[in-house]
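Here is the structure we will look at, set down as structure tokens.
The values are calculated or read from the model by the stated rules, or taken from the named source; none is laboratory data. Small disclaimer: the values here were computed from a predicted structure and weren't measured. Cβ placement follows ideal geometry from the backbone for every residue including glycine, while neighbour counts extend to all protein chains displayed.
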Amino acid sequence: MAILVIAEHDNANVQASTLNTVTAAAELSGHGAGDIVLLVAGSECAAAAEAAAKVAGVSKVLVADDAAQENALAENLASLVVGLAGDYSHILAPASTFGKNFLPRVAALLDVQQISEISAVVDGETFVRPIYAGNAMATVKSADPTKVITVRTTTFDPAPAEGGSGAVEPVDAGDDGGQSRFVERAESGGDRPELTTARVIISGGRGMGSGESFDLIEPIADKLGAAMGASRAAVDAGYVPNDWQVGQTGKVVAPELYVAIGISGAIQHLAGMKDSKVIVAINKDEEAPIFQVADYGLVADLFQALPELDAELAKILS
Amino acid sequence: MKVLVPVKRVIDYNVKIRVKADNTGVETANVKMSMNPFDEISVEEAIRMKEAGTVEEIIVVSMGVQQCQETIRTALAMGADRGIHVKSDEDLEPLAVAKLLKAIVDKESPELVILGKQAIDDDSNQTGQMLAALLGWSQGTFVSKIELGDGSAKVTREVDSGLETIEVDLPTIVTVDLRLNEPRYASLPNIMKAKKKPIDEVAPADLGIDTAPRLQTLKVEEPPVRQAGVMVDSVAALVDKLKNEARVI
């Protein structure tokens, strides 16, 4: 039996989260779980399907190209996946808001207990997943005939986007059940990389004191090509929009470099960034818990340190 | 309209959890327990709907050990009308909880079920979606705004790329995110009044549901500890380290 990975994509390209999920699927293959098949469900998504077929390790791409699948509405997508499920031992999706939204629906319709947000594959039926905001790791074994799994993308390296030569095969996209309708999407962020895929992230916390002071971070983020993030405290205080939030209740990130500015380091924030490769903390409180996880710590007033940092970077990057 | 609000009793979010020495789970003895924070937001939203006159009755459900009744009482003190306690000494997985909730929905016929998007103990983020699937209902997950209309509701969802608005047919399932509202504290008179509100107790078997677990927890461990690094004394030193030692810029 094969492994079905539900691809997250924007109709033109597959998202990085799909590549991480393919790596988890490849580990399952290594434990004898069979070939990796990608499902690209969307509308006018031929380009995304082609991109999916090139992902290393993918043997086949199923394309469900129909208006009913345009906005990944949970009802339509789940019903499509359930119709395909019979051929697969494992069904995987990234543990992004895309995967979290529809996959439990699939699991319930298959009468399967989903395994959420796995961070490691032990074997074909045993997985490690974080619980209590990552303050404990549980190893769980599934007794269900089909394993329905969401994958914590930050703990699996992305599969190479090139090198594969999967066959592309159209499948019936199913009907629009009409129970829900897409209205609008308001995306924030502009030209900056997305938090979940950025190589560098600079986040501000309550210590920033206001939304305006995030302007001090901007030129630094520009120089480093960084995404900008925030702690829950900064979001709750209204300094920045909620989709900037890094943490247990926001986004889980693992960039090469994470710079925490004026962030004390509450458990809920650490849960979202402690897998970053290099962590830098700048805080005026030397007792701040963030320093316990930081590779490099600087006790300083951020309103002085940020302009200095900008100037230093200008020197070496020019 | 009638609204059903499931609430879970979890280790309080301020408690630093400890893994048991024998690696069978997390220490829960003598640990402060509270209502799952996302569920408090669900209860609050239902109460605001009732205050706005769109909801007539709020039923709160909790599942688990006897003390779950305290969690139900908290919701009753906030303003819910009555409680249902599905008593079980076993750990109930999201699929089992969704099946039990479906049995209750079949009986009570609410037009709306509001749940927290996830519980902060097992972080599964499944129950609402599963319940919607089992009922064949629409769903709106990770919601930061609900506008009830005639036969449908408009919900704004917090998704990774920003905000998404969808319209869902009623009856529906909504799972709530943090920014939907700020839950109230129960006043002392309301806490007293809540003691008189009814709580029905049922067993999973009464509802005809098999709750046998599908997942076996083999072990629970501490996460790997990140080693603390070095302190630098200036921005220049920091940039030097990042460039020449960590080589990330």
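Okay, here's what the table says:
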| read-out | value |
| --- | --- |
| Hits in the range A:163-190 (condition: closer than 28 Å to residue A:253 by Cα and either touching a Cys at 6+ places or on another chain (Cβ under 8 Å) or within 14 Å of chain B (Cβ to nearest Cβ) (or both)) | A:182, A:184, A:185, A:186, A:187, A:188, A:189, A:190 |
| Close pairs (7 angstrom Cβ cut-off, 6 or more residues apart or separate chains): more than 30 Å from residue A:244 (Cβ to Cβ) and part of a loop (DSSP other than H, G, I, E, B) in the range A:167-188, modelled with pLDDT of 95 or more and among the hydroxyl-bearing types (Ser, Thr, Tyr) anywhere | A:174/A:79; A:177/A:79; A:179/B:138 |
| Considering residues of the range B:220-230 that are within 8 Å of chain A (Cβ to nearest Cβ) and surrounded by fewer than 15 Cβ atoms within 10 Å (Cβ to Cβ) only, the residue nearest to residue A:315 (Cα to Cα) | B:230 |
| Odd one out for residue A:127, checked against (1) at the interface with chain B (Cβ under 8 Å from one of its Cβ atoms); (2) out of contact with any Ser or Thr (no Cβ under 7 Å at 6 or more places or on another chain); (3) in a strand (DSSP E or B) | (1) |
| Residue that is within 14 Å of chain A (Cβ to nearest Cβ) and modelled with pLDDT under 95, where the choices are B:36, B:14, B:23 | B:14 |
| So residue A:64, is it out of contact with any Pro (no Cβ under 6 Å at 6 or more places or on another chain), more than 8 Å from chain B (Cβ to nearest Cβ) and either crowded, with 19+ Cβ neighbours inside 10 Å or more than 28 Å from residue A:164 (Cα to Cα) (or both) | yes |
| Meets criteria (assigned to a helix (DSSP H, G or I), among the aliphatic types (A, V, I, L, M), under 17 Å from residue A:162 (Cβ atoms) and under 19 Å from the mean Cα position of the chain (by Cα)) for residue A:47 | no |
| Scope the range B:41-63; condition crowded, with 20+ Cβ neighbours inside 10 Å and of a type outside the set (A, V, I, L, M, F, W, C); matching residues | B:42, B:44, B:45, B:62 |
| Selected residue [out of contact with any Leu (no Cβ under 8 Å at 6 or more places or on another chain), surrounded by fewer than 20 Cβ atoms within 10 Å (Cβ to Cβ) and not in a helix (DSSP H, G or I)] from B:182, B:158 | B:182 |
| Yes/no for residue A:239 being under 24 Å from residue A:222 (Cβ atoms), modelled with pLDDT of 95 or more, within 23 Å of the chain's Cα centre (by Cα) and of a type in the set (Phe, Trp, Tyr) | no |
| Candidate set: the range B:123-150, residues that are touching a strand residue (DSSP E or B) at 6+ places or on another chain (Cβ under 7 Å) and surrounded by fewer than 23 Cβ atoms within 10 Å (Cβ to Cβ); chosen: the one farthest from residue B:91 (Cα to Cα) | B:147 |
| Per-region count, the range A:132-166, residues assigned to a loop (DSSP other than H, G, I, E, B) and of a type in the set (D, E, K, R) | 4 |
| Any hit, the range B:196-210, residues being buried (at least 18 other Cβ atoms within 10 Å of the Cβ), within 7 Å of chain A (Cβ to nearest Cβ) and not in a helix (DSSP H, G or I) | no |
| Evaluation of residue B:114 against (1) within 14 Å of another protein chain (Cβ to nearest Cβ); (2) closer than 30 Å to residue A:194 by Cβ (one fails), failing number | (1) |
| Test: residue in the range A:96-112 that is farther than 21 Å from residue A:40 by Cα, of a type in the set (A, V, I, L, M) and within 11 Å of another protein chain (Cβ to nearest Cβ) | yes |
| Residue in the range A:240-259 that is within 17 Å of residue B:231 (Cβ to Cβ) and in a loop (DSSP other than H, G, I, E, B) present | no |
| Hey, residue A:291 surrounded by fewer than 19 Cβ atoms within 10 Å (Cβ to Cβ), farther than 30 Å from residue B:142 by Cα and either touching a helix residue (DSSP H, G or I) at 6+ places or on another chain (Cβ under 8 Å) or facing another protein chain (nearest Cβ under 9 Å) (or both) or not | no |
| Lone qualifier among A:141, A:147 - being among the basic types (Lys, Arg) and surrounded by 22 or more Cβ atoms within 10 Å (Cβ to Cβ) | A:147 |
| Residue identified as of a type in the set (A, V, I, L, M, F, W, C) and out of contact with any helix residue (DSSP H, G or I) (no Cβ under 7 Å at 6 or more places or on another chain) among B:98, B:52 | B:52 |
| Flag if residue B:131 is in contact with a Leu (Cβ under 6 Å, 6 or more places away or on another chain) and either under 15 Å from residue B:209 (Cβ atoms) or among the aliphatic types (A, V, I, L, M) (or both) | yes |
| Scan of the range B:1-28 for residues that are in a strand (DSSP E or B), under 30 Å from residue B:57 (Cα atoms) and out of contact with any Phe, Trp or Tyr (no Cβ under 8 Å at 6 or more places or on another chain), ordered by number | B:2, B:3, B:4, B:5, B:6, B:9, B:10 |
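Yes/no per residue for (1) part of a strand (DSSP E or B); (2) closer than 27 Å to residue B:123 by Cα; (3) at the interface with chain A (Cβ under 9 Å from one of its Cβ atoms):
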site: B:141; (1), (2), (3): yes, yes, yes
site: B:144; (1), (2), (3): yes, yes, yes
site: B:150; (1), (2), (3): no, no, no
site: B:153; (1), (2), (3): yes, yes, no
site: B:164; (1), (2), (3): yes, yes, yes
site: B:167; (1), (2), (3): yes, yes, yes
site: B:173; (1), (2), (3): yes, yes, no
site: B:186; (1), (2), (3): no, yes, no
site: B:190; (1), (2), (3): no, no, no
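Matching residues to (1) crowded, with 23+ Cβ neighbours inside 10 Å; (2) in contact with a Gly (Cβ under 6 Å, 6 or more places away or on another chain):
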residue	(1), (2)
A:7	yes, no
A:11	no, yes
A:14	yes, no
A:31	no, yes
A:50	no, no
A:55	yes, yes
